[in-house]
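The structure under discussion appears below in the form of structure tokens.
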Amino acid sequence: MMEGFLGRVRSAKTIRLRRRENKHVVDVQLSLTKPELKNLLEQIYGVRILKIHSHNLPPRKRKRLGKAGFQGQRKRVIFTLKKGLRLPLLTSVGKNV
């Protein structure tokens, strides 16, 4: 059920979006399409989603043991819930990013 879900994004900007505009931000695998994302997020959170916006994040450079490399790419999704709906607090869903 949660295959492809990488976790919620927590930052000052995402908290502000959540409080003011009822928008939530999560990271998912790059291969998922918008209809798949909508179904996945509705299954995970059990709420109806109005809009989905997504964009691919560039890979981040990493250096490990003197060797340069890249972190895997991922897709960031911003989704809007119907007015008055809230997401349940789920700490066990995915990993916190």
Quiz item: Of the residues Leu85, Leu50, Leu89, Leu6, which single one is among the aliphatic types (A, V, I, L, M) and either modelled with pLDDT of 85 or more or touching a Pro at 6+ places or on another chain (Cβ under 7 Å) (or both)?
Solution: Leu50
Quiz prompt | Residue list for the range 47-60, filter: part of a strand (DSSP E or B) and surrounded by 10 or more Cβ atoms within 10 Å (Cβ to Cβ) | solution = Ile49, Leu50, Lys51, Ile52, His53, Ser54, Asn56, Leu57
Quiz prompt | Considering residues of the range 1-46 that are assigned to a loop (DSSP other than H, G, I, E, B), in contact with a strand residue (DSSP E or B) (Cβ under 6 Å, 6 or more places away or on another chain) and of a type in the set (A, V, I, L, M) only, the residue surrounded by the fewest Cβ atoms within 10 Å (Cβ to Cβ) | solution = Leu30
Quiz prompt | Count - residues of the range 61-81 that are part of a strand (DSSP E or B) and in contact (Cβ under 8 Å) with a residue 24 or more places away in the chain | solution = 8
Quiz item: When residues of the range 29-60 are filtered for being at negative phi and either of a type in the set (Gly, Ala, Ser) or in contact (Cβ under 8 Å) with a residue 60 or more places away in the chain (or both), how many remain?
Solution: 2
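The values are calculated or read from the model by the stated rules, or taken from the named source; none is laboratory data. Computed from a predicted model, the values in this text were never measured in an experiment. Cβ sites come from the backbone with ideal geometry, for glycine too, and all protein chains shown count toward neighbours.
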